[in-house]
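S.K.: Okay, here's the structure, questions in a sec.
Values quoted throughout were computed directly from the atomic coordinates according to the rules given, and no laboratory measurement underlies them. This is a predicted model, so every value here is computed, not measured. Quick reminder, even Gly has a Cβ in these numbers, built from the backbone with ideal geometry, and neighbours come from all protein chains shown.
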C-alpha cells in the first residue's frame, strides 16, 4: 500500500446515472446495486476524468493509502472492452502527460499481438517510430531536396534540427 490520489464515491450522493462509467478510461468504475462503485484501486489512476461527469457530485479525489496503480493490470482489464476503450485510455494517458504509463500500455498491446490504435503521436522514445521522433529526425533542406525559396534567396539550412 502507498499513499496516493484516488477517487472516492459517496454512495449516499450517487443517483446511479452512470455518466461516470464511460468517462473512466481505466474501467475502474462499475454500476453495482444501482450505484457507481470503484472496483479496484489498481485501476484508478487518480487523474479524475470521471469528476466532471457526476451531476450530483458524488465523486471526489482524495489522498489515501491504496494499492499502487498498475498500468499492466489496467490494460488486461480494458482490452476486453474493445479497441475504442483502449484508444480512449491511451488518449487519456497522453493528455495527462503520463508517458511512462503510455509506454507500458503500448508494451502490453504488443505482447498480446494486438494492433496499437492510432493516436496523434506515440509517446517519446517509442521504438515503433522509424527514425525516432519526427521533430528530431534529420531532414535535408538542400536545393536538390526541393527546399523552397523565399524571394531570390534560398535556404542555407542543410539539416533540421539545427
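S.K.: Ranking 40, 60 by Cβ neighbours within 10 Å, fewest first, what do you get?
M.R.: Ranked by crowding around the Cβ, least crowded first: 60, 40.
S.K.: For the pair residue 33 and residue 1, how long in nm is the line joining their label points, each one 7 Å along Cα→Cβ?
M.R.: 2.2 nm
S.K.: Modelled label-to-label distance, residue 11 and residue 81, 7 Å Cα→beta-carbon offset: nm?
M.R.: If labels sit at residue 11 and residue 81, their model points lie 2.3 nm apart.
S.K.: Sorted from fewest to most neighbouring beta carbons within 10 Å, what does the list 41, 95, 33 look like?
M.R.: Details: 41 20, 95 11, 33 7.
Lowest count first: 33, 95, 41.
S.K.: Could you grab the relative contact order for segment 1-69? Cα pairs under 8 Å, six or more apart, rounded to a whole percent.
M.R.: Rounded, it is 49 percent for segment 1-69.
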